[in-house]
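The values are calculated or read from the model by the stated rules, or taken from the named source; none is laboratory data. Quick caveat: nothing in here was measured; it's all calculated off a predicted structure. So basically every Cβ, Gly included, is an ideal-geometry build from the backbone, and we count neighbours across all protein chains shown. With ligands, DNA and RNA removed, areas are computed over all heavy atoms of the protein, side chains included. Shrake-Rupley method; radii C 1.70, N 1.55, O 1.52, S 1.80 Å.
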Amino acid sequence: MSMIEIKNLWKEYGDQVVLEQINNQVKSGEFVTIVGASGCGKTTFLKMLLGTESPSRGQILLDGTAIKDEPDESRGIVFQRYSVFPHMTVIQNVMLARELEASPLHGRLFGAARNNAKREAENMLEAVGLSHAKNKYPHELSGGMQQRLALAQSLIKKPRILLLDEPFGALDPGIRADMHKLVLSLWREHKLTVFMITHDIKEGFFLGTRLWVFDKDRYDPHAPNAYGAQITYDLPVGKTDAEVWQQIDKSLKKANDFVENA
Ligand SMILES: Nc1ncnc2c1ncn2[C@@H]1O[C@H](COP(=O)(O)OP(=O)(O)O)[C@@H](O)[C@H]1O
Ligand SMILES: [Mg+2]
């Protein structure tokens, strides 16, 4: 069974149809990259997966159950620019994500639970390559380091699904190559299902096992809001299922070569 089933999904804001009649399925472990013109509804789609926006019609099923219109720990998101608490250090920011999840009312843990959270946060910072910066404050971090922090905050909650909204769009090409390497290794390590919006189709082909193009099939110049975008192309990039993990290894190797030759 598919992990995610999108059934006759529509999203409208007032009389503007943003997305129309989307039907698709995604299996656990896939890495779906999404491209499409600015304003065509990519972020809106991701927000419906997250649960901060709800469909106007249709639904998205996760393991056969409609996604509720509130986020939960199964899904984590990283935006292009991330907001962190500026008065807290890197490790405090990661621990807070963990503490808020464990103790939503107080956002604090004590004793052994706190030590556990600290150890988990340290491991996560190690995984994203930020151990050396754990006592720095957000304003002391480069753009790439901030996105590493955002990934750590998201992944410490152990989501199965990672949603990435142009996470590397603001980074320099060399730093982006490092982040590609990181995101592929996190995908493998944490057995994630990833949806990633990018404005760079090369990045989409490079990272994804599957690439979706969002576009309007129908367009009326006299009523530009009348029709919404659909998934007009659904291109397999790698193979799925058993072969998916081989693809990851290949992608990782490609990423490594790319970084070495950059
Ligand atoms: N909360 C909202 N209220 C009204 N319109 C919105 C809202 N969010 C997005 N839109 C509109 O929906 C369309 C799609 O936006 P978005 O999903 O952000 O596009 P993309 O991420 O593809 O650039 C845009 O025209 C945008 O103005
Ligand atoms: Mg967007």
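Of the residues making up segment 182-215, those that are assigned to a loop (DSSP other than H, G, I, E, B) and either more than 16 Å from ligand 2 (Cβ to nearest atom) or open to solvent by less than 10 Å² (accessible area, probe 1.4 Å) (or both) are HIS190, LYS191, LEU192, THR198, GLY208, THR209.
Is there a residue being at pLDDT below 95, within 16 Å of ligand 2 (Cβ to nearest atom) and closer than 27 Å to LYS191 by Cα anywhere in segment 26-43? Yes; the residues of segment 26-43 include at least one that is at pLDDT below 95, within 16 Å of ligand 2 (Cβ to nearest atom) and closer than 27 Å to LYS191 by Cα. Among the conditions (1) within 15 Å of ligand 1 (Cβ to nearest atom); (2) among the small types (Gly, Ala, Ser); (3) surrounded by fewer than 17 Cβ atoms within 10 Å (Cβ to Cβ), SER74 misses just one, which is (1). Which of the numbered conditions does LEU149 fail, given that it passes all the others? Conditions: (1) within 20 Å of the chain's Cα centre (by Cα); (2) assigned to a loop (DSSP other than H, G, I, E, B); (3) of a type outside the set (Gly, Ala, Ser). Of (1) within 20 Å of the chain's Cα centre (by Cα); (2) assigned to a loop (DSSP other than H, G, I, E, B); (3) of a type outside the set (Gly, Ala, Ser), only one is false for LEU149: (2). On the stretch given as segment 176-208, residues that are under 19 Å from ASP165 (Cβ atoms) and among the polar types (S, T, N, Q) total 2.
Among (1) closer than 19 Å to ASP234 by Cα; (2) near ligand 1 (Cβ under 10 Å from one of its atoms); (3) open to solvent by 10 Å² or more (accessible area, probe 1.4 Å), there is one condition ILE34 misses while meeting the rest; what is its number? Looking at each condition in turn, ILE34 falls short on (3). Looking only at residues of segment 93-121 that are open to solvent by less than 60 Å² (accessible area, probe 1.4 Å) and of a type outside the set (A, V, I, L, M), we find that the one that is farthest from PRO173 (Cα to Cα) is GLY111. For segment 44-72, the tally of residues that are of a type outside the set (A, V, I, L, M, F, W, C), more than 10 Å from ligand 2 (Cβ to nearest atom) and not in a loop (DSSP other than H, G, I, E, B) stands at 4.
Residues checked against (1) assigned by TED's automatic domain parsing to the domain that holds GLU189; (2) within 16 Å of ligand 1 (Cβ to nearest atom); (3) under 22 Å from PHE206 (Cβ atoms); (4) crowded, with 18+ Cβ neighbours inside 10 Å:
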site	(1), (2), (3), (4)
GLY29	yes, no, yes, yes
SER38	yes, yes, yes, no
GLN59	yes, no, no, no
LEU62	yes, no, no, yes
THR65	yes, no, no, no
ARG81	no, yes, no, no
ILE91	no, no, no, yes
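Scanning segment 217-252 for residues that are at pLDDT 65 or above, open to solvent by 70 Å² or more (accessible area, probe 1.4 Å) and among the charged types (D, E, K, R) turns up ASP217, ARG218, LYS250.
Rundown of residues vs (1) assigned to a helix (DSSP H, G or I); (2) at pLDDT 95 or above; (3) within 16 Å of ligand 2 (Cβ to nearest atom); (4) within 19 Å of LEU186 (Cα to Cα), yes/no style:
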site	(1), (2), (3), (4)
LYS136	no, yes, no, no
SER154	yes, no, no, yes
LYS158	no, no, no, yes
LEU162	no, yes, no, yes
PRO167	no, no, yes, yes
ALA170	no, no, yes, no
